[in-house]
Amino acid sequence: MKKYTLHLFIFSFVMSLISLVIMEKGYKELYPFFSWKLFTVPSGGEATEDQYKLYGITDSDTIRIVNKSVRSYDANDKAVIVGTYGKRIEDNVNREENKRKLLIFAKDTEPQYKGYLLYKETYRPKEIGETKMNINKKLIVKL
């Protein structure tokens, strides 16, 4: 395998350059290892992906809460917590208790909102990076 490493590197580099040129002209990528999606969207082969998102309610607006790090949680932890409780609430697994816990979490991490909405967002991973990406939203519960 070691003797082929240089050849594989050169092949990968050349194919990535070709894919770059092809994509700049508006066509789909030719070489799948060129794209960042291989590493950041491992579900790229799935037909659809579901994510649960919290929205904050202010006086006259509803704002999607971005998962950013706060003193107690980093952004990835927040996404996992919302996703875990969101799935349980949607599946009616200890629904009231999970709603209560998610509300406590939301108030702890984003206290500036008067209320919270939990949405399930469904999208196609293959559309990531395209000019138009369809995201279907379904209201799960108001907290």
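The values are calculated or read from the model by the stated rules, or taken from the named source; none is laboratory data. Please read all numbers here as calculations on a predicted model, not as lab measurements. Every residue, glycine among them, receives a Cβ derived from its backbone with ideal geometry; neighbour counts consider all protein chains shown. Accessible surface areas use protein heavy atoms only, side chains included; no ligands, DNA or RNA. Shrake-Rupley method; radii C 1.70, N 1.55, O 1.52, S 1.80 Å.
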Query raised in the report: So what does ARG64 come to for accessible area, using a 1.4 Å probe and Å² rounded to 10?
Result: 100
Report task. Set the Förster radius R0 to 41 Å, insert the Cβ-Cβ distance between ILE18 and GLN112 as r into 1/(1 + (r/R0)^6), and round the FRET efficiency to 0.05. Result -> 0.25
Report summary line: For the chain, the dipole about the Cα centre with charges only on Cβ (Lys and Arg +1, Asp and Glu -1), to the nearest 20 debye, works out at 120
Requested in this report: Can you tell me the dipole magnitude for the stretch 63-143 around its Cα centre, using point charges on the Cβ only (Lys, Arg +1; Asp, Glu -1), in Debye to the nearest 20?
Outcome: 220
Report summary line: Listed residues SER69, SER60, SER12; largest mean-square fluctuation, Gaussian network over the chain with Cα springs below 10 Å, found at SER60
Report summary line: Taking Cα atoms, the helix 75-90 axis meets the longest principal axis of the chain at an angle in degrees (rounded to 10) of 60
Query raised in the report: Cα axis of helix 95-109 to longest principal axis of the chain: angle in degrees, 0 to 90, nearest 10?
Result: 80
Requested in this report: Estimate the FRET efficiency between LYS142 and THR48 by the formula 1/(1 + (r/R0)^6), using the beta-carbon distance for r and 35 Å for R0, to the nearest 0.05.
Outcome: 0.90
Report task. Over the alpha-carbon set of the chain, work out the extent along each principal axis and list the three values in angstrom, largest first. Result -> 59, 34, 29
Query - In Hz, Karplus ³J(HN,Hα) per residue of the stretch 131-143 (6.51, -1.76, 1.60; θ = phi - 60°; x = Gly, Pro) - result: 5, 10, 10, 8, 10, 8, 10, 10, 6, 8, 6, 9, 8
**Report entry** For VAL141, residues with placed amide H under 5 Å, excluding near neighbours
**Finding:** LEU118
Query raised in the report: Counting pairs of alpha carbon atoms under 8 Å apart in space and at least six apart in sequence, what relative contact order in percent does the chain give?
Result: 24
Requested in this report: Taking the chain as the reference, fit the longest principal axis to its C-alpha atoms, fit the long axis of helix 5-24 to the helix C-alpha atoms, and give the angle between the two in degrees, 0 to 90, nearest 10.
Outcome: 70
